[in-house]
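Step one of this worksheet: look at the structure below.
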Amino acid sequence: MTAPHHLLLVVAGIAGEASHLVEADADAAQLSVLDVAATRGDGIFETISIGQGHPQALEAHLQRFARSARMLDLPAPDLTVWRDAVLALAHRLADHDEAWVKTALSRGVELPAAGGPPVPTGWAYATVSPQFRRERTEGIDVVLLDRGLRSDVSATSPWLLAGAKTLSYAVNRAAVREAQRRGADDVVFVSSDGLLLEGPTSTLVVRRGDTLTTPPDAFGILPGTTQVDLFAAADQWGLATAVEPLSPDDLRGADAAWLVSSVRHAAPVRSVDGAPLPVDAPLTATMNGFLRDRRS
């Protein structure tokens with residue numbers, strides 16, 4: 001089936017009156033050039049996977065959206081309206097096996113014409129997911145890159161917004177370009193005190209024996225909705241789970257590892273800094289089947 005045009009809904013009336021939805025043309029100009037989303041990256045977003053019209057981990061994404069808003073001192077989003085936006089867009093994409101919806105909220109126009117504080121801008125848009133067969137089956141090559149922050153950054157420097165899902169993604173994009181310059185596909189960030197963190201757009205999961213392990217959110221990493229769903233299902237696959245610190249040596253010596261995310265799902269890591277890592281193909285297929293078939 002031919003992929004549709006991008007679909008867009010604008011969340012209007014965010015400040016000062018009840019929020020509501022307005023359908024808009026995604027091919028037409030919608031965002032002011034003075035909006036801080038464009039000028040400063042001052043805002044938040046979430047990306048929700050859609051399986052045959054069903055949003056996956058929707059409530060977890062909405063709660064994380066609200067968490068990021070609190071961290072940035074943005075007005076609390078009306079989650080009922082944002083939920084309606086996601087459901088409306090998901091319904092429009094029900095004929096496709098995999099799609100996604102992105103919700104975004106910015107602080108608004110930097111210099112409002114009438115003076116006073118900016119009025120927040122909100123929108124949601126959706127489209128069909130790209131093909132990730134190679135990444136899900138053959139695996140990805142990753143490099144370890146220093147993030148330049150200690151693992152306790154959330155406690156020592158909360159103004160750095162570690163663990164918030166913000167529109168300021170220039171560093172994450174630069175990290176992926178650096179990985180590509182090194183002949184790899186993706187990145188696992190390492191704290192300046194030597195602990196594994198996350199990927200630029202994903203959560204790290206490592207298998208050691210019969211236990212799946214991920215680093216703690218307290219290290220200033222984004223709480224992973226996909227990782228949470230996988231850990232909730234792990235006992236069905238005879239696996240235990242743990243949330244604990246991991247070192248680069250723990251990754252290099254792992255029985256298997258994945259970078260997991262809402263849209264790409266579970267991508268097995270096949271090498272770390274050029275050194276091969278085992279790929280657990282049966283478990284990877286089980287994970288991706290589970291993630292693809294979720295209905296909530």
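Every read-out reported here was derived from the displayed coordinates using simple, explicitly stated rules and does not represent laboratory data. Here the structure is a predicted model, which means the values were calculated and not measured. Glycine gets a Cβ as well: all are built from the backbone with ideal geometry, and neighbour counts include every protein chain shown.
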*Based on DSSP H runs of at least 4 residues, each adding -39500 (n - 2.57), what is the mean residue ellipticity at 222 nm of the chain after dividing by all its residues, to the nearest 500 deg cm²/dmol?*
-7500 deg cm²/dmol
*Find the all-direction average of the projected area of the Cα convex hull for segment 64-183, expressing the result in square nanometres with one decimal place.*
11.0 nm²
*For the chain, what is the relative contact order in percent, using Cα pairs closer than 8 Å and at least 6 residues apart in sequence?*
19 percent
*Between 245, 285, 218, whose Cα lies farthest towards the positive end of the dipole of segment 188-296 when Lys and Arg beta carbons carry +1 and Asp and Glu beta carbons carry -1, centred on the Cα centre?*
285
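Can you give the FRET efficiency for residue 170 and residue 235, using 1/(1 + (r/R0)^6), R0 = 51 Å, r = Cβ-Cβ distance, to the nearest 0.05? Before the final figure, lay out the partial values.
Working: r = 40 Å, r/R0 = 0.78.
The pair residue 170/residue 235 has a calculated efficiency of 0.80.
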*How far, in degrees from 0 to 90, does helix 281-293 lean away from the longest principal axis of the Cα atoms of the chain, to the nearest 10?*
20 degrees
*Cβ-based net charge around residue 281, under 11 Å, with every Lys or Arg adding one and every Asp or Glu removing one*: 0
*Taking the radius of gyration and the Kirkwood hydrodynamic radius from Cα positions alone, what is the Rg/Rh ratio for segment 134-293, to two decimal places?*
0.94
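Under 14 Å from the Cβ of residue 208, count the other residues' Cβ atoms, weight Lys and Arg +1, Asp and Glu -1, and hand me the total. It would help to have the intermediate numbers written out before the result.
Details: positive: 207, 252; negative: 210, 244, 249, 250, 255, 280.
Cβ neighbours under 14 Å give a net charge of -4.
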*For a quick protection proxy, order the peptides 128-138, 97-107, 222-232, 148-158 by their average other-Cβ count within 10 Å, most packed first.*
97-107, 222-232, 148-158, 128-138
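Quick check: residue separation of residue 70 and residue 193 times 0.36 nm, minus the Cα distance between them. What number comes out in nm? Write down the numbers at each step before the final one.
Details: separation 123, 0.36 × 123 = 44.28 nm, distance 2.77 nm.
That pair, residue 70 and residue 193, stretches by 41.5 nm at full extension.
Which order results if 211, 127 are arranged by neighbouring Cβ count within 10 Å, fewest first? Can you show the working numbers first?
Values: 211 14, 127 20.
Going from least to most buried by this count: 211, 127.
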_For q values of 0.10, 0.11, 0.15 Å⁻¹, compute log₁₀ I(q)/I(0) with the Debye formula on a Cα-only model of the chain, without solvent._
-0.56, -0.68, -1.23
